[in-house]
Structure formats: C-alpha cells, structure tokens
Amino acid sequence: MRVQDSRCPNLRTDAYDNLAKATRIEGHYFTMHAEKDHMMPPEYATDLCRSHLTAVQAGCADKEALAGRSVRELKRRLIKLRIDWRAAHCTEKPELLELLHTEGQKADLDKVCRTHTLVIRRGQHGQFFGDDVLAVGGYLRHLERIGL
C-alpha cells in the first residue's frame with residue numbers, strides 16, 4: 001500500500017500502518033513491549049500480534065491457497081497457531097493441510113497471542129529485553145517452540 005500526501009506530491013509512504021503490515025509477514029512473528037513504555041501503549045504489541053495471527057487464521061479457510069504452500073510453510077503456520085502437528089501424528093502434506101484447514105480456523109487467538117507477546121517488566125521505551133531475566137526466558141521458550 002502506498003499513500004501519497006498532497007503536501008509532498010513526490011513522496012509516497014506506507015502511512016506507518018504497522019497493523020496492516022503485520023498481516024503480510026510470512027515468517028515467524030513475535031512482539032514485545034515494555035511495561036512502562038511512554039510512547040506505545042501495552043496493547044499495541046498485542047494488537048500487532050492479533051493482526052498478524054488473524055491474517056494467518058483467515059488463510060486457513062482457503063484450502064486451495066494452502067495447497068500451494070510447502071510442507072515447511074504449513075508447519076510454520078501450525079506452529080504460529082499453537083497447533084501441535086507432531087501430537088496429531090501429521091507428517092505428510094495432505095495431513096498437515098487438513099489439520100491446518102480444520103484446526104486453524106478454531107484457534108483461540110487470545111491464548112495464542114499470549115505466547116507470541118512478551119512484556120519487559122519495569123522497562124521503558126526502547127528497553128533491551130536482555131536486561132530482564134524473565135523476558136529472556138520467555139523469548140527462549142518461544143524460540144524452542146518454533147524449533148530454533
């Protein structure tokens with residue numbers, strides 16, 4: 001999306017619409033915010049996460065589009081929605097596709113967002129999360145969940 005401002009006819013911008021941009025991200029997604037952030041309210045990180053995951057979940061309804069995805073991409077989407085494809089004994093593409101199509105549309109996004117969003121306690125805007133032991137642990141758990 002490109003927006004043109006009449007005051008600057010040669011300049012085009014994305015209008016800083018991060019919620020819209022979050023819907024287009026294909027890779028793994030994780031948000032964090034500082035508890036005492038004076039520039040961005042705490043719900044902003046959750047809104048970004050929800051925007052991203054809502055788009056992922058909406059994509060689960062389109063079985064034909066999912067069929068064009070690789071096994072790796074299907075697994076990534078399952079991981080994002082906290083659907084355990086291993087426990088469901090799904091390893092082949094048709095099984096993964098069906099699991100994502102059926103279970104993905106039912107995923108509880110509030111619950112999923114809590115595992116994809118991290119709060120840096122006592123932090124300010126721009127705070128390095130590595131200064132907070134609990135934040136580091138939360139991020140490490142996320143990395144383990146996504147297989148890194």
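Here, each number is a calculation from the coordinates, and none is a lab measurement. Small disclaimer: the values here were computed from a predicted structure and weren't measured. All Cβ positions, glycine included, derive from the backbone under ideal geometry; neighbour counts span all protein chains shown.
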Hydrodynamic radius of region 64-107 per Kirkwood, over alpha carbon pairs, in Å: 10.0 Å
Can you tell me how region 64-148 classifies by the Cα gyration tensor, rounded, prolate or oblate, using a/c under 1.5 as the rounded cut? prolate
Residue exposure sequence - 64, 98, 103 - by fewest surrounding Cβ within 10 Å: 64, 98, 103
Using DSSP H assignments, which helices in the chain have an axial alpha-carbon span of 20 Å or above and a mean Kyte-Doolittle hydropathy of -1.0 or higher? 42-59
Calculate one ³J(HN,Hα) per residue across region 23-36 by plugging θ = phi - 60° into the Karplus curve 6.51 cos²θ - 1.76 cosθ + 1.60, and present them in order as whole Hz with x for glycine and proline. 6, 9, 6, 8, x, 4, 9, 8, 10, 9, 8, 8, 4, 10
Run the paramagnetic zone check for residue 20: 7 angstrom along Cα to Cβ, then residues of region 52-80 with backbone nitrogen under 20 Å. 52-59
Only four residue types carry charge here, +1 at the Cβ of Lys and Arg and -1 at the Cβ of Asp and Glu. Report the dipole size of the chain about the Cα centre in Debye, rounded to the nearest 20. 160 debye
What's the whole-number percent of alpha carbon pairs in region 10-144 lying beyond 23 angstrom? 41 percent
Among 34, 15, 45, residue whose mean-square fluctuation peaks in a GNM of the chain (springs only between Cα atoms under 10 Å): 15
Please give the calculated 222 nm ellipticity per residue for the chain, where each DSSP H segment of at least 4 residues contributes -39500 (n - 2.57) and the sum is spread over every residue; nearest 500 deg cm²/dmol? -14000 deg cm²/dmol
Quick check on the exposure proxy: order 38, 125, 101 from fewest to most C-beta atoms within 10 angstrom. 38, 125, 101
Please give me, ordered by residue number, the chymotrypsin sites (Phe, Trp or Tyr not before Pro) of region 1-102 that lie in loop per DSSP and have at most 11 other Cβ atoms within 10 Å. 16
